[in-house]
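One structure below.
Only the coordinates and a few stated rules stand behind these numbers; no lab work does. Model, not experiment: these values are computed from the prediction. Glycine gets a Cβ as well: all are built from the backbone with ideal geometry, and neighbour counts include every protein chain shown.
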Amino acid sequence: MNKPFAIFSGNANPDLANALCHHLGQPLGSAKVERFADGEIYVEINQNVRGVNCFVVQPTCTPVNDNLMELLVMTDALKRSSAKPIVAVIPYFGYARQDRKTRPRTPISARLAADLLTAAGVHRVLAMDLHAGQIQGFFNIPVDHIYAMPVMMDYMRGKFGSDAVIVSPDAGGVERARAFSKRLDASLAIIDKRRPAPNVAELVNIIGDVKDRDAIVIDDMVDTAGTLCAAAEGLTKKGARGVYACITHGLLSGPALDRIHKSTIKELIITDSIPPRPEVKASPKVRVLSVAHLLGEAVKRIHMGDSLSSLFI
């Protein structure tokens, strides 16, 4: 770690950036990120970064557009200060759900966000649990895609036995759920659902045996929690002993927390990739795990040119 490097943070999740720096024994970089009266973002880098490897920690969570623009402006400020390379550390990548045309005349906004980051001057992206793996191909720069699974598994091994069943909430999440079931030595179930509109899902059937078992729903994000709570209800009706959810990105928008409190879910396990609101932290049904150590290890390995794959063996 003798080569010069610096870690900066926008306003999206400064607590995670500080925890990451604490893990590395590195002070957070000095930068001013402010707004003019009309809402324009102003950034000033307050230290020499010429030729320095700079990491910008900024999940593009709510408010998505503000946080994305902050990341772009910070990148431009570092580029014009002769920093090189610039690595965007994006624990949660907003617009990831818009990764394809689902209807005529709709955008592929994930690709647009990737193009904006590249145009701003980002040389490499470090992302965690992307909604769709193919988003890596939207970038014309290297993308390191890491997973919160090691953090989740450390918690789950102490809580669940091999009689648990890992549940994929849809066909697209089977690969993720299978990876968890393999490491936990648990069986696998799949929920067959239809999504007629954004944030709307219809539970159709459950494939697999969940009767008298702890059912653990694995997914990358929970937004309004309508789909998750419907899945929990379906699993309970099928005889699951308890329903748990292990989800990386806890957006928990709108009525999500209230829905979870009223649902049959015993515990929702999320990470701090998105800063949890005070009411989320205080919820008796929500457990927040930190990914600062995992991100810190990834940052260190990128800086040193080491492999990231051994983090997930």
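Using C-alpha pairs below 8 Å separated by at least 6 residues, the relative contact order for segment 1-103 is 29 percent. Peptides 130-137, 269-276, 288-295 ranked from most to least packed, by the mean per-residue count of other Cβ atoms within 10 Å: 269-276, 288-295, 130-137. Database remark: amide H of I206 closer than 5 angstrom to the amide H of D192 (H placed geometrically; neighbours at sequence offset of 5 or more, or on other chains; Pro and chain starts carry no H).
Straight-line reach only, C-alpha to C-alpha below 19 angstrom: list the lysines that K79 could link to, leaving out same-chain residues fewer than 8 apart. Here the lysines satisfying the reach criterion relative to K79 are K3, K32.
Considering only G173, G226, G208, the Gaussian network model of the chain with Cα springs below 10 Å gives its largest mean-square fluctuation to G208. Among the trypsin sites (Lys or Arg not before Pro) in segment 1-73, those located in a DSSP loop and surrounded by at most 11 other Cβ atoms within 10 Å of their own Cβ are R50.
For the chain, what is the calculated [θ] at 222 nm in deg cm²/dmol (nearest 500), taking -39500 (n - 2.57) for each run of four or more DSSP H residues and dividing by its residue count?
The per-residue figure over the chain is -9000 deg cm²/dmol.
Measuring between their Cα centroids, segment 265-313 and segment 31-95 lie 21 Å from each other.
For the options R103, R111, R157, a Gaussian network treatment of the chain with springs between C-alpha atoms closer than 10 Å singles out R103 as fluctuating the most. For the peptides 280-286, 148-154, the ranking by mean Cβ contacts within 10 Å, running from highest to lowest, is 148-154, 280-286. The chymotrypsin sites (Phe, Trp or Tyr not before Pro) of segment 1-53 that meet both conditions, a loop assignment by DSSP and at most 11 other Cβ atoms within 10 Å of the site Cβ, are F36.
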